Structures are given as structure tokens and as C-alpha cells.
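Engineer: Sharing a structure below in C-alpha cells format, with a few things to ask.
Nothing in this text is a laboratory measurement; each read-out follows from the coordinates by a stated rule. This is a predicted model, so every value here is computed, not measured. A quick note on method: Cβ atoms are made from the backbone with ideal geometry, for glycine too, and the neighbour counts reach across all protein chains shown.
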């Protein structure tokens, strides 16, 4: 069994209105000096076999087909 974490974030240059809203909310809560907030998604998955190469290939395929919009998002995969 392999545990994996996929982190999906917007590519540089893509507007992030949710990140801007979070940045503004943090400022209104008194957290000064916070800037450049970007939001993303995290997926934790369990792969039911022990072949790390196949797991990574499957995860890349999952990201390309469903988990990330690769036109505007990047993703990273970490296996453990």
C-alpha cells in the first residue's frame, strides 16, 4: 500500500480571486504584512499496490484527466 499526496496550485500569472479574498480577510482580522496569498487543493490518496513506479504513473494520469486543470494549474506528487 502506497500513500500519496497531490498538491494542485494555480500557475503563475493566473488570477487567484480566492487567494485575494483570503489575503483581504487576514488583513481585516489584524494579520498585517501578509501578501501574495495563493490557494490550492490537496488530495491524499491510498494506492492499493506496492509498485511505486506504477503508482506514480497512475497518479500523473489521474492529475491529467481529473484532479488538475493543466491549462491553468500545476501539480506535484509525493509518495510515502
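Engineer: So between residue 44 and residue 20, what do we pick up on full extension, going 0.36 nm a residue minus the alpha carbon distance?
Structural biologist: Working: separation 24, 0.36 × 24 = 8.64 nm, distance 2.56 nm.
Result: 6.1 nm gained on full extension.
Engineer: In the Gaussian network model of the chain, springs joining C-alpha atoms below 10 Å, which of 64, 48, 23 carries the largest mean-square fluctuation?
Structural biologist: 48
Engineer: Moving on. In deg cm²/dmol and to the nearest 500, what is the mean residue ellipticity at 222 nm of the chain if only DSSP H runs of at least 4 residues count, each as -39500 (n - 2.57), divided by the residue total? Show your work: numbers first, answer last.
Structural biologist: Details: 2 runs with 23 residues, N = 80.
Result for the chain, helices only: -9000 deg cm²/dmol.
Engineer: Moving on to the next point. Compute the length gained on full extension between residue 34 and residue 80: take 0.36 nm times their separation in residues and subtract their Cα-Cα distance, giving the result in nm to one decimal.
Structural biologist: Working: separation 46, 0.36 × 46 = 16.56 nm, distance 3.19 nm.
Gain in length upon complete extension: 13.4 nm.
Engineer: Could you give the distance between the Cα centres of the stretch 50-80 and the stretch 1-37, to the whole Å?
Structural biologist: The stretch 50-80 and the stretch 1-37 have Cα centres spaced 21 Å from each other.
Engineer: Among 59, 29, 15, which one shows the highest mean-square fluctuation when the chain is modelled as a Gaussian network with alpha-carbon springs under 10 Å?
Structural biologist: 29
Engineer: Label residue 64 and residue 51 with points 7 Å out from Cα along Cα→Cβ: what is the distance between them in nm?
Structural biologist: With each label point 7 Å from Cα toward Cβ, the separation is 1.7 nm.
Engineer: Specify the angular offset, from 0 to 90 degrees and rounded to the nearest 10, of the alpha carbon long axis of helix 17-28 from the longest principal axis of the alpha carbons in the chain.
Structural biologist: Between helix and principal axis, roughly 50 degrees.
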